[in-house]
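Worksheet: one structure, shown below.
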Amino acid sequence: MKHTQPLAEVFGHLISDQSKKAVRYRSNRLCPFNNKVPNCTKDKAKNPLGVCSVFHEGSPAITCPIRFRENWLITDDAASFFFDDGTAWSSLTEVRLNDANGKSAGNIDIVLVAYDNNGKILDFGALEIQAVYIS
């Protein structure tokens, strides 16, 4: 199907989706992809851009890093990359990273932690999520 405009998903739904849920998400500027708050914060909090993906060569291409959090599949995929099968793990988001002087060097988007049956940390993996950005 040839698209005449570039927007694929806006506030979590295809622009062709006129369901009650999609209209509610667009009207209230909501994010369905596990943002730290219920609303979309892409570009600015008060009047967010709301574009999750755009069409590229006929297929959606993600433009918002929060979009990768759908159903937390990104953590499952990362855990299968970082850890052996059967490893117990959990994840944390927006983990503060300090420099050698204890000053903030920024946040890590997602940190996965592997632990043993006693809760002792065995290993970890860090994810910094990047997406093509548009405004």
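The values are calculated or read from the model by the stated rules, or taken from the named source; none is laboratory data. Quantities reported herein were computed from a predicted structural model and do not represent experimental measurements. For neighbour counting, all protein chains shown are included, and Cβ atoms are generated from backbone atoms with ideal geometry for every residue, glycine included.
A few points about this structure:
- For the stretch 17-40, the candidate set comprises residues that are touching a residue at least 12 places away in the same chain (Cβ under 8 Å) and under 13 Å from the mean Cα position of the chain (by Cα); within that set, the residue that is farthest from residue 71 (Cα to Cα) is 40.
- Failed item in (1) farther than 18 Å from residue 11 by Cα; (2) of a type in the set (Val, Ile, Thr); (3) loosely packed, with under 13 Cβ neighbours inside 10 Å, with residue 132 passing the rest: (1)
- Scanning the stretch 111-135 for residues that are outside any strand (DSSP E or B) and farther than 24 Å from residue 64 by Cβ yields a count of 5.
- Selection of first residues in the stretch 118-129 that are under 15 Å from residue 96 (Cα atoms) and of second residues that are assigned to a loop (DSSP other than H, G, I, E, B), restricted to Cβ pairs under 7 Å at least 6 apart or on distinct chains, gives an empty result.
- Of the residues making up the stretch 1-18, just one is among the hydrophobic types (A, V, I, L, M, F, W, C) and loosely packed, with under 11 Cβ neighbours inside 10 Å, namely 1.
- Scanning the stretch 108-135 for residues that are modelled with pLDDT of 95 or more and among the small types (Gly, Ala, Ser) yields 114, 125, 126.
- Qualifying residue in the stretch 82-104 (condition: without any contact (Cβ under 8 Å) to a residue 12 or more places away in the chain and in contact with a Lys or Arg (Cβ under 9 Å, 6 or more places away or on another chain)): yes
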